Structure formats: structure tokens, C-alpha cells
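Chemist: For reference, the structure I am asking about is given below.
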Amino acid sequence: MRLDKLLAECGYGSRGQVKKLIRSKQVSIDGNIVLADNHNVDPQLQTVAVSGKVLERETNVYYMLHKPAGVVTAVSDEGNRTVIDLIQPADRRPGLYPVGRLDKDTEGLLLITDNGQLGYQLLLPHKKVTKRYEVVVNERVTAADQEAFAEGIVFHGGTTCKPARLTILSEADEESRVLLDISEGKFHQVKKMFLSVGKKVTYLKRLSMGPIELDESIPPGSYRPLNGAELAQLKPYFR
Ligand code: URA
């Protein structure tokens with residue numbers, strides 16, 4: 001939200017009065033005086049103060065959802081339950097959306113927010129936000145696969161992926177369980193990476209996105225607001 005709008009909504013006068021307040025160097029963000037009234041700001045992620053008095057207003061919501069299989073990552077859908085349908089009506093806000101996309105059969109961490117800037121920043125390719133997945137595949141995963149992932153998998157169509165780290169948790173001819181860390185978000189990326197080495201993903205769960213880790217105490221289908229420590233870790237992604 002713009003700084004002048006926030007201050008006006010917090011009772012610091014009209015937009016004009018608020019502009020004067022800002023220009024008189026009485027407003028700070030994280031301890032630094034700001035002079036631009038159109039500065040984007042979120043008092044949940046940043047400390048906004050007027051003449052040293054900190055604003056305590058909640059503007060945006062940030063939820064950690066444990067996505068179950070069977071719901072689609074969309075705001076609305078004709079025939080399917082969506083991740084937004086899992087949010088209680090009292091917790092919904094206009095503009096609530098999922099940050100990034102998980103396939104219908106994928107489980108795990110999904111951030112849901114009404115802060116458009118945050119999702120945009122987390123998904124920018126050059127930010128290289130790491131996503132960790134737990135993956136089960138239908139064959140033995142080998143050291144050769146680990147090398148191929150580390151070098152950069154090339155999809156059958158020719159698209160090259162960035163280097164990814166594959167950690168083998170268990171391996172057998174009929175099934176292997178691995179952790180995969182990737183720093184990009186191509187469509188069906190994990191499934192296509194394994195198909196490129198001739199293996200099929202049979203189970204997929206996202207465990208983390210950037211600094212945020214799935215809280216396994218949240219049952220699939222449920223969610224909770226991000227706590228203060230988690231919000232603080234997201235701060236670098238809020239511009
Ligand atoms: N990669 C996939 O293939 N599917 C997902 O849901 C997420 C990453």
C-alpha cells in the first residue's frame with residue numbers, strides 16, 4: 001500500500017495533510033526518514049513510524065496453507081475446489097491469491113496472501129528463490145541422475161533447467177524417495193525433470209519456498225497465518 005494512503009487511513013489527516021507530514025521529515029520506515037509519499041509500504045513487514053510513534057495497523061494477510069492433493073491452485077475454477085475455497089470466509093480478503101502454482105495432485109506448502117508485491121518478488125526468476133520438494137519416483141534414482149540434475153536437466157523439447165540439487169533419501173528398483181532443491185518454477189518442472197531421466201513422479205510435496213518451511217503440524221487442507229519470525233524472513237522480498 002502507498003505510504004500516503006496508509007497514513008490517511010490511520011487517521012493522520014487528508015492525503016494532502018499526510019503529504020505535508022511526509023515532507024516535514026516526520027515519517028520513517030525501518031528507522032529511515034522517507035520523503036516519497038508514493039512509497040510502497042507494509043507495516044506488518046516494516047516498521048513505519050510518525051514522529052517516532054510506530055503504526056500498528058494490519059494491512060495484508062499472509063497464510064501458510066498445507067495444500068492437500070485434489071484441489072487446484074487457482075482463485076476460482078468451474079469444476080474443482082480451489083485453494084482459496086480452503087480459506088474460511090472470515091479470513092478471506094479481496095485480492096487473495098496463491099503465490100506460485102502447485103499441480104492438483106501436489107501437496108505441501110503454499111503461501112496465500114493479498115500482498116501482490118510479495119508474490120511478484122518471490123516469483124521473479126532472477127531472485128532464484130529455492131523451492132524444496134519431497135519426491136517419490138517409480139524407479140531407482142542414481143548418482144548419474146544427481147550429476148545430471150546438478151549440471152542442468154534438458155527437457156525433451158530442448159529447454160534447459162538451472163542446476164538443481166538432488167538428495168537421495170532411499171533408493172530401490174521399484175521406488176526411490178528424494179529431496180529436490182530447485183531455484184526456478186517452470187510449468188510441471190519437477191515431473192518433467194524426472195521424465196527427462198526416464199522416471200515418473202508418483203508423489204510430490206513442497207516442503208519450503210525461500211525462507212519459509214512447511215509447518216508439518218498443519219494438517220493437509222488447513223492453514224495458519226505466518227508468524228512474526230516468518231514475516232521477518234520474508235522482508236527481503238518486500239520492495
Ligand atoms: N513441479 C511439478 O511438476 N509440479 C508441481 O506441482 C510443482 C513443481
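Chemist: How big is the C-alpha Rg of the range 18-63 next to the rule-of-thumb value 2.2 N^0.38 Å, as a ratio?
Modeler: Scaled against compact globular proteins, the figure is 1.14.
Chemist: While we're here: What is the packing order of peptides 103-112, 229-238, 10-19, taking the mean over residues of other C-beta atoms within 10 Å and listing the highest first?
Modeler: 103-112, 229-238, 10-19
Chemist: Could I ask something else about it? For a quick check: sort GLU78, GLU171, GLU9, GLU216 by the number of other beta carbons within 10 angstrom, fewest at the front.
Modeler: Ordered from fewest to most neighbouring Cβ atoms within 10 Å, GLU78, GLU171, GLU9, GLU216 come out as GLU78, GLU216, GLU9, GLU171.
Chemist: Tell me which of ALA90, GLY70, THR130 sits at the most positive position along the dipole axis of the chain, charges placed on C-beta atoms (Lys, Arg +1; Asp, Glu -1).
Modeler: ALA90
Chemist: Provide the percentage of antiparallel DSSP beta bridges, counting only those with both residues in the chain; round to the nearest 5.
Modeler: Of all bridge pairs located within the chain, approximately 95 percent are antiparallel.
Chemist: Could you estimate the translational diffusion coefficient of the range 67-143 from the Stokes-Einstein equation, with Rh from the Kirkwood formula over C-alpha pairs, at 25 °C and 0.890 mPa s, in whole µm²/s?
Modeler: Diffusion coefficient, whole number: 172 µm²/s.
Chemist: Beyond 27 Å, what share of the Cα-Cα pairs of the chain remains, rounded to the nearest whole percent?
Modeler: Here the tail beyond 27 Å accounts for 45 percent of pairs.
Chemist: Rg(Cα) of the range 130-209 divided by 2.2 N^0.38 Å?
Modeler: So the Cα radius of gyration is 0.96 times the expected 2.2 N^0.38 Å.
Chemist: With +1 on each Lys and Arg Cβ and -1 on each Asp and Glu Cβ, and nothing else charged, work out how big the dipole of the chain is about its Cα centre, in Debye to the nearest 20.
Modeler: I would put it at about 1140 debye.
Chemist: Taking the Cα centre of the range 130-209 as the origin, how large is its charge dipole in debye, to the nearest 20, when only Lys and Arg (+1) and Asp and Glu (-1) carry charge on their Cβ atoms?
Modeler: In total the dipole reaches around 440 debye.
Chemist: OK, next. Of HIS66, HIS156, how do they rank once you tally other Cβ atoms within 10 Å and put the fewest first?
Modeler: Neighbour counts put them in this order, fewest first: HIS156, HIS66.
Each value in this text was obtained by applying a stated rule to the coordinates, not by laboratory testing. It should be emphasised that the depicted structure is a prediction, and the values quoted were computed from it without experimental measurement. Neighbour counts are summed over all protein chains in view; Cβ atoms, including those assigned to glycine, are modelled from backbone coordinates with ideal geometry.
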